[in-house]
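Accompanying notes for the structure given below.
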Amino acid sequence: MARVLLRPPTTADEDEFTASMRASRAHHRPWIYMPETAERYTAYLARVDDPRAAPFLACRVEDGAIVGFLNISEIVRGSFKSAFLGYGGVARFAGQGYMSEAMWLVLHEAFVTLGLHRLEANIQPGNAASIKLAERCGFELEGFSPRYLKVGGRWRDHERWAIREETWRAARAQRS
């Protein structure tokens, strides 16, 4: 039985989302800096209508509580069929398996609904929890990029983790 569902963020989620991100600050930093104010949430919400993005909230089925977010971005169509994935969980739900379930759902969205071939997650080397989640769901380490992405005002090194559709299908079959 599914415990998590994915849905796009809405204006009605602002208070819960921003409060959850403020409460999760110590859990997220220095890895990511998520919207903690109404103004930043409004900018985040603008991605919903961007054809190059597919932002999702992971919500508990039992009560609708937001347990995390997964953002597919920079979607490139044509012969490339690739995108980036960013994700993070709400601290009070950490360690309960919700983000693993959400990751499998977003991979289905990426490879079935969006028809992508490849999804890449760039993760800072010290972010053990995110690396474990990516590995658990079939992502493979492809490389290292020094000073790759500016996070929290600093250029930070990242590992490039990626999963291809065929790898996802094989991993999904093993899970069944």
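The values are calculated or read from the model by the stated rules, or taken from the named source; none is laboratory data. Not measured: the values here are computed from a predicted model. All Cβ positions, glycine included, derive from the backbone under ideal geometry; neighbour counts span all protein chains shown. Heads up: the accessible areas ignore ligands, DNA and RNA and are worked out on the full protein's heavy atoms, side chains in. Shrake-Rupley method; radii C 1.70, N 1.55, O 1.52, S 1.80 Å.
Taking other residues whose beta carbon is less than 10 angstrom from the beta carbon of residue 30, and scoring Lys, Arg as +1 and Asp, Glu as -1, yields +3. Each DSSP beta bridge with both residues in segment 1-119 is either parallel or antiparallel, and the antiparallel ones are about 90%.
Expressed in nm to one decimal, what extension gain is obtained for the pair residue 112 and residue 49 from 0.36 nm per residue of sequence separation less their Cα-Cα distance? Could the numbers behind the result be given before it?
Working: separation 63, 0.36 × 63 = 22.68 nm, distance 1.98 nm.
The residue 112-residue 49 span can extend by a further 20.7 nm.
Distance between the pseudo-spin-label points of residue 60 and residue 140 (7 Å out from Cα toward the beta carbon): 3.7 nm.
Rounded to the nearest 20, the size of the Cβ-charge dipole of segment 59-173 about its Cα centre is 280 debye, with Lys and Arg at +1 and Asp and Glu at -1. Of the chymotrypsin sites (Phe, Trp or Tyr not before Pro) found in segment 57-147, those in coil by DSSP whose Cβ has at most 14 other Cβ atoms within 10 Å are 80.
What does the C-alpha gyration tensor say about the overall shape of segment 1-63? Classify as rounded when a/c is under 1.5, otherwise prolate if a/b is larger than b/c, or oblate. It comes out oblate by the Cα gyration axes. Projecting the Cα atoms of 26, 59, 46 onto the charge dipole of segment 1-63 (Cβ charges, centred on the Cα centre) puts 26 farthest toward the positive pole.
Assign one of three labels to segment 57-136, namely rounded, prolate or oblate, based on the Cα gyration tensor with a ≥ b ≥ c the square roots of its eigenvalues; rounded applies when a/c is under 1.5, prolate when it is not and a/b is larger than b/c, and oblate otherwise. Oblate. Note on residue 27 and residue 155: the extension gain reaches 44.1 nm, defined as 0.36 nm multiplied by sequence separation minus the Cα-Cα distance. For the chain, the fraction of 1.4 Å probe accessible surface lying on carbon and sulfur atoms is 53 percent. For residue 139, the shell of other residues with beta-carbons less than 11 Å away shows a net charge of 0, using +1 for Lys and Arg and -1 for Asp and Glu.
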